[in-house]
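S.K.: Before I ask anything, here is the structure I am working with.
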Amino acid sequence: MTPAPFAFPFQKSRLAVKVIVPDQISSPHHIQLRGFQAMQTTKTLRRVVITGIGCVSPIGIGREKFWQSVREGRSGISKISRFDASDLPVQIAAEVKDFDPDLYISPKDRQHVSHAVAFAVAAADLTFNDAGLNPKEMSLDERRDIGIVLGSGGASLGFIEKQYRYYFANEAKKASIYTIPTATPGSLPSEISMPFGLKGFSHLLSTGCTSSTDAMAYASQMIALGRINRVLTGGVDAPITHSFVLAFCVMKVMTSSWNHEPHRGSRPYSKDRDGFVLAEGAYFFMLEELEHALERGARIYAEVIGYGSTCDAHHRVRLDETGEEPARAMMMAMRDAGLNPEEIDYVNLHGTSTELNDRIETRAIKKAFGEKAYRLAASSTKSMIGHPQGASGAAGLTATLGGMAQGFLPPTINLDVPDPECDLDYVPNEARPGEIKYALCNCIGFGSKNSALVVKRFEI
């Protein structure tokens with residue numbers, strides 16, 4: 001298969017890789033005025049590692065609680081408590097529980113920010129602590145050397161919805177004075193930059209369900225190219241509002257059969273699945289240039305080594321039945337990592353629990369991995385945490401890193417009677433011992449977007 005014109009430039013562990021990049025370019029106009037060719041220089045791509053993990057999830061806050069819940073196959077899905085859902089056909093969701101936003105955001109600021117911001121600030125704090133970093137003790141130059149790239153499908157839309165209700169009801173005095181800036185999705189990472197004093201770039205990518213995977217790849221690229229040494233990255237979403245649930249009900253993509261047994265509602269690859277369960281949460285990582293991390297004695301979880309992204313260009317919601325493009329994204333990621341399918345030990349699947357997604361993703365795995373597909377351990381974290389929209393890829397990576405660190409393969413729970421067309425090893429119902437050296441995390445999103453990220457257990 002012909003490679004894409006641009007493959008993501010990670011440092012390969014097996015290959016001496018060099019790339020020609022413009023040096024000290026300030027803007028596209030700068031290129032035009034001074035000439036791109038005159039400014040080219042040869043740079044060796046740098047290795048990118050993960051040195052911190054922080055998560056706020058429906059099955060635990062902090063990586064240890066999350067990993068334990070994944071290993072135990074615990075479901076975080078329950079009856080919706082955020083609002084009265086009795087008038088809706090779907091009454092279950094995966095809400096973050098036992099979370100106190102006042103530990104991270106002042107009560108005064110809370111009235112001006114969304115649940116997504118509160119989750120993000122908490123996840124950032126957990127990530128810094130896990131990485132052994134304290135921005136408040138850093139010099140100005142050090143804080144200028146930390147960027148932020150987040151992925152989110154809805155950013156602060158839930159908060160905006162609430163504010164607009166005031167305006168439409170002629171109660172503007174009740175609305176936040178920051179409605180307009182908060183309506184800008186890019187304000188979400190700024191809400192992290194400000195309290196932590198981080199003066200590197202502060203960006204948000206919103207590509208639907210692939211958002212956090214794309215954000216992590218972009219963050220890695222910036223480090224690999226030498227633009228910055230550390231990037232806080234990952235995904236966050238908080239879409240559990242009455243209007244959002246109603247809108248998904250109209251689309252008929254969420255399960256309505258398990259209101260009486262919420263913990264069984266998300267059942268990827270099962271014959272009786274009938275839709276996904278909406279979820280919320282934040283899953284963050286500290287990415288760092290390898291030598292920089294080694295110099296400070298950082299604990300290193302894994303190395304980011306490959307990325308691929310494609311688009312079906314097919315439909316706003318429905319996937320192309322062939323599975324060609326998600327397969328191509330996975331093949332691109334493996335090729336970028338310098339790996340062949342036989343070397344991948346585990347795949348964290350998108351696995352939404354919708355009839356179409358699970359069947360086509362299975363088809364894509366077979367196309368991408370060939371004969372290895374039937375000997376490949378692959379599972380869906382969403383069976384436990386529901387579908388956190390733009391945070392999906394980061395959630396899957398968090399579970400994958402837990403399996404990599406602790407020697408287990410994360411399970412797909414609620415897999416009682418598999419769909420005959422979903423005939424791979426999805427690690428059904430219970431985690432099992434297994435070594436993960438190389439892993440691929442797969443994402444498929446609305447608009448027919450596909451992204452895959454490859455990580456490896458760290459070795460010098």
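Just so it is clear, none of the values below were taken in a lab; they were calculated from the coordinates. Small disclaimer: the values here were computed from a predicted structure and weren't measured. For neighbour counting, all protein chains shown are included, and Cβ atoms are generated from backbone atoms with ideal geometry for every residue, glycine included.
S.K.: Order these by the 10 Å Cβ neighbour count, fewest first: 228, 385.
M.R.: In order of increasing Cβ crowding within 10 Å: 228, 385.
S.K.: Calculate, axis by axis, the spread of Cα positions in region 306-457 along the three principal axes, and write the results as whole Å, longest axis first.
M.R.: That gives 40, 36, 30 Å along the principal axes, largest extent first.
S.K.: For a quick size check, give me the Cα extents of region 74-144 along its three principal axes, largest first, whole Å.
M.R.: Extents along the principal axes, in whole Å: 53, 32, 18.
S.K.: Go through 65/382; 271/367; 271/382 and tell me which ones have a Cα-Cα distance over 18 Å in this structure.
M.R.: Cα-Cα > 18 Å for 271/367; rest within.
S.K.: Can you list residues whose amide H is under 5 Å from residue 278's amide H, if they're 5+ apart or on another chain and H is modeled 1.01 Å from N?
M.R.: 94, 387
S.K.: What does the helix-only formula give at 222 nm for the chain: each DSSP H stretch with n ≥ 4 adding -39500 (n - 2.57), the total divided by the residues, and the result rounded to the nearest 500 deg cm²/dmol?
M.R.: Calculated mean residue ellipticity at 222 nm is -9500 deg cm²/dmol.
S.K.: Using per-residue counts of other Cβ atoms within 10 Å, averaged over each peptide, order 391-397, 172-178, 44-50 from highest down.
M.R.: 391-397, 44-50, 172-178
S.K.: If you don't mind, another one. Per-residue HN-Hα couplings for region 434-440, Karplus 6.51 cos²θ - 1.76 cosθ + 1.60 at θ = phi - 60°, whole Hz, x for Gly and Pro?
M.R.: Calculated HN-Hα couplings, in order: x, 8, 10, 9, 10, 9, 10 Hz.
S.K.: Here's something else I'd like to know. Among residues other than residue 150 whose Cβ falls under 13 Å from its Cβ, what is the net charge (Lys/Arg +1, Asp/Glu -1)?
M.R.: Around residue 150, the charge tally is -3.
S.K.: Sticking with this one: Going by Cα centres, region 278-295 and region 70-85 are how many Å apart?
M.R.: For region 278-295 versus region 70-85, the Cα centre distance is 26 Å.
S.K.: Right, next: Rg over Rh of the chain, using C-alpha atoms and the Kirkwood radius, what does it come to?
M.R.: Rg divided by Rh gives 0.96.
S.K.: Return P(r) of region 315-377 (all Cα-Cα pairs; 10 Å bins starting at 0; whole %; ordered from short to long distances).
M.R.: Result, from short to long distances: 22, 55, 21, 2 percent.
S.K.: Further question: Can you list the HN-Hα couplings for region 259-268, worked out from phi with the Karplus curve (6.51, -1.76, 1.60; θ = phi - 60°), rounded to whole Hz and with x for Gly and Pro?
M.R.: 4, 7, 9, x, 5, 9, x, 8, 9, x
S.K.: What Kirkwood hydrodynamic radius do you get for region 49-295 when you take the inverse of the mean 1/r over all pairs of distinct Cα atoms, in Å?
M.R.: 19.0 Å
S.K.: Compute the longest continuous run of the chain that contains no exposed GluC sites (Glu not before Pro); treat a site as exposed when its DSSP state is not H, G, I, E or B and it has at most 16 other Cβ atoms within 10 Å.
M.R.: Of all site-free stretches, the longest is 1-170.
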